[in-house]
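Here's the structure, in structure tokens; my notes come after.
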Amino acid sequence: MTVRQVTMPSGFRAWLVTGYTEARAALADHRLAKDARRVAGLMERLAPPGDGARFTGLLARHMLNTDPPDHERLRTLVNKAFTARRVELLRPRVQQICDVLIGALAKRHEADLMDSLAVPLPITVICELLGVPDGDRQRFRDLSNTLVSALPAGAVAQASAELGDYLGELVARKQAAPGQDMISALVGARDADDRLNDDEVISMAVLLLAAGHETTVNLIGNGLLALLTNPAQLAALRADRSLLPNAIEEVLRYDGPVSHATMRYTAEPVVIGGVEIPSEEFVVISLDAADHDPGRFHDPERFDLRRQTAGHLGFGHGIHYCLGAPLARLEAEIAFTGLLDAFSAIELAVPSGQLRWRLSTVMRGLERLPVRLTPQLPPPSAHDGVLKDPTTTNYWR
């Protein structure tokens, strides 16, 4: 059965979609709506007391929680910054950041690859894109962790409020003195034709900050774990680097960074997989289960770099397909290449069964990834080891 009622960790009931065909269709079905104001009202009626706070405030105003026509208006403002061509312009800077991080790793024999590479690479990239000062990046990482966690609603609401207060101040500073960053571009778009209000600018910044690095952190971490626990596949990738693009797609299918799509509700009665779901019911679409559907992918529990992965749902599907997918793929490609170039051997430092996964019902990611490293190259010498922001190129105008 690919559609059934379940009780979520927070206690409310929802309909879970697990089959590939059903999930792909549901992701593109306009009858499954995402208007966060309606979601908040439904949460107040259907969820345990207090849990509705998870869908209020800043979390309720960005494009991931909106339906057409507001969705198109919001997405259009940032879409051009994440096209494949624009993202490719970021390659030299992403490479520079990665070289510095791997250069530091090359001086060690043991390390936590989450803390040393998978987290700092994407958080540095997205904070530079948004114009977030260096000193605030760890704070943003902590708040982002809370926003996508399964912690009590009060903790999520507090993190949302704290992040909103800070970003409100940052937006005000960008309005007074614009820079060459995405927040300045969003402020400029708002001032030019009044397409964004203050709350929308802040909410868009929250989404870009959180979604813009969380998926990449987990793509890199989950991918490294898949390779380290499948040594024959790792050896194949070392021997043939042309496999890397498909390897990244297989990671997205096999152990993607997002467990299930963000919450939808039925705007009218909907039949999915032969099951009629009444109006105003929550629907959860499991990306992980869909990508492990044996009816779509043969032997889905096997990690295979040569698999035909076309159509996987690791980045979603439909109008809410992950905007940052090109950037996530670029960062993963550079990170995996850098590690393979720098180390002749990478091994888990603990049994895989001892690894712990983050507490989240949305994201699928490791807390730590301790490894033993055998360097084969000297540390990169092209950079001075300081992750300085670029100052010569404006990617967002």
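Long hydrophobic helices in the chain: the complete DSSP H runs spanning 27 Å or more by Cα along their own axis with mean Kyte-Doolittle hydropathy of at least -0.5 are 153-176, 198-228. Here r is the Cβ-Cβ distance between Asp136 and Arg108 and R0 is 25 Å; the resulting FRET efficiency, rounded to 0.05, is 0.40. Structural descriptor for the chain: relative contact order 27 percent, calculated from alpha carbon pairs under 8 angstrom and at least 6 residues apart. Compared with the alpha-carbon gap, the fully stretched path from Asn197 to Asp299 is longer by 31.8 nm at 0.36 nm per residue.
Maximal additional length on extending the Arg85-Ala310 stretch stands at 78.9 nm, based on 0.36 nm per residue less the C-alpha distance.
Each of Ala236 and Arg368 was given a label point 7 Å from its Cα along the Cα-to-Cβ line. The distance between the two points is 3.2 nm. Counting only the backbone N, which residues of segment 335-364 are under 20 Å from the spot 7 Å out from the Cα of Gln158 toward its beta-carbon? Those under the cut-off are 359-361.
Restricting attention to the chain, the count of lysine pairs at 8 or more positions apart or across chains with alpha carbons under 26 Å apart stands at 5. Placing +1 on each Lys and Arg Cβ and -1 on each Asp and Glu Cβ, with no other charges, gives segment 293-378 a dipole about its Cα centre of roughly 180 debye. Using the Cβ-Cβ distance between Val350 and Val6 with R0 set to 25 Å, the FRET efficiency from 1/(1 + (r/R0)^6) comes to roughly 0.20.
Thr337 to Ser279: FRET efficiency via 1/(1 + (r/R0)^6), r the Cβ-Cβ distance, R0 45 Å, to the nearest 0.05? Efficiency, rounded to the nearest 0.05: 0.35. Sorted from greatest to least, the principal axis extents spanned by the alpha carbons of the chain come out as 60, 56, 36 Å.
Sorting the segments 115-126, 232-243 by their residues' average number of neighbouring beta-carbon atoms within 10 angstrom, most packed first, yields 115-126, 232-243. The Rg/Rh ratio for segment 147-256 is 1.16, where Rg is the radius of gyration of the alpha carbons and Rh is the Kirkwood radius. Packing-based ranking of 127-133, 219-225, 161-167 yields 219-225, 127-133, 161-167, ordered from highest to lowest mean Cβ neighbour count within 10 Å.
Computed from the coordinates by the stated procedures, all read-outs in this text should not be read as laboratory data. A quick note: this is a predicted structure, and the numbers were derived from the prediction, not measured. Glycine gets a Cβ as well: all are built from the backbone with ideal geometry, and neighbour counts include every protein chain shown.
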